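Each remark here refers to the structure printed beneath this line.
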Amino acid sequence: MKLLTRTSRQPGRAAAVAASLGIMAVAAGAGAGAAEPVAPGASTFSRVDVVLAGSISARCNVSGGGDIDFGELVGNQTARARVALDCNVPFDLSFQSARGGLAHAALPAGEGPYAGTLDYTLDVSVPVVGPRRSTLHGRYESRSLMSRKTLGSGDAIAAGHAQIEIRTGTPLGAGLLAGRYSETLTITVASRL
């Protein structure tokens, strides 16, 4: 906060007061010790300007996550999750898959006629505002997520939770190899300012 104090004459009055004083001085025969008369109606005032300032730090955070258990993997299953976004600046939301699908713990390439990885599709919806409310959408195939994919907000900021939907594909070949399957999907948010 900054306080600025300034004393000044009313705008437009300075020239009128100077002209009045000049005329009176000539009429009175201004001398070395003569007192200066005050023009009728001339006044001064004091003014105080208060300048308020502040700042808000840029922030961009993501929270949530956890585990999604599809149970028995039969394919064409859907799971939904919400991810909290707190970004007061434009942002990039990135997604990266560790394994390119739900992969068998020991044999992700499968064995014989049985597949060891189940693909999935990731659908993302993110509410944003700036200058109008809208929703960002992204759709990614799990194999393409091995390379990081980014959904940018443009000039908008986050306006709520991101909605994540994961839909598993159909098992290939004779089906999936028996065993445990897992995948890690990393969601990262980064400020663009």
In Å³ and rounded to a whole number, note down the convex hull volume per residue for the Cα atoms of the stretch 54-161. 120 Å³
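Report, to the nearest whole %, how much of the accessible area of the stretch 44-163 belongs to carbon and sulfur atoms, 1.4 Å probe, protein only.
Values: 3430 of 7040 Å².
Ligands and nucleic acids excluded, carbon and sulfur reach 49 percent.
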Within the stretch 145-180, report the trypsin sites (Lys or Arg not before Pro) that DSSP leaves as loop and that have at most 13 other Cβ atoms within 10 Å. Arg148, Arg180
Report the Stokes-Einstein translational diffusion coefficient (µm² s⁻¹, integer) for the stretch 101-193, Rh taken as the Kirkwood radius over Cα pairs, at 4 °C with viscosity 1.567 mPa s. 86 µm²/s
For Ala103, the net charge from surrounding residues (Cβ-Cβ under 14 Å; K, R +1; D, E -1) works out to 0
Please list, in chain and number order, the residues 5+ apart from Arg192 or on another chain whose amide H is under 5 Å from its amide H, with Hs placed from the backbone. Phe91, Asp92
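The values are calculated or read from the model by the stated rules, or taken from the named source; none is laboratory data. Just so it is clear, the structure is predicted and the values come from calculations on it, not from any experiment. Note: ideal-geometry Cβ built from the backbone for every residue, glycine included; neighbour counts use all protein chains shown. These area figures cover heavy atoms from the full protein model, side chains too; ligands, DNA and RNA do not enter into them. Shrake-Rupley method; radii C 1.70, N 1.55, O 1.52, S 1.80 Å.
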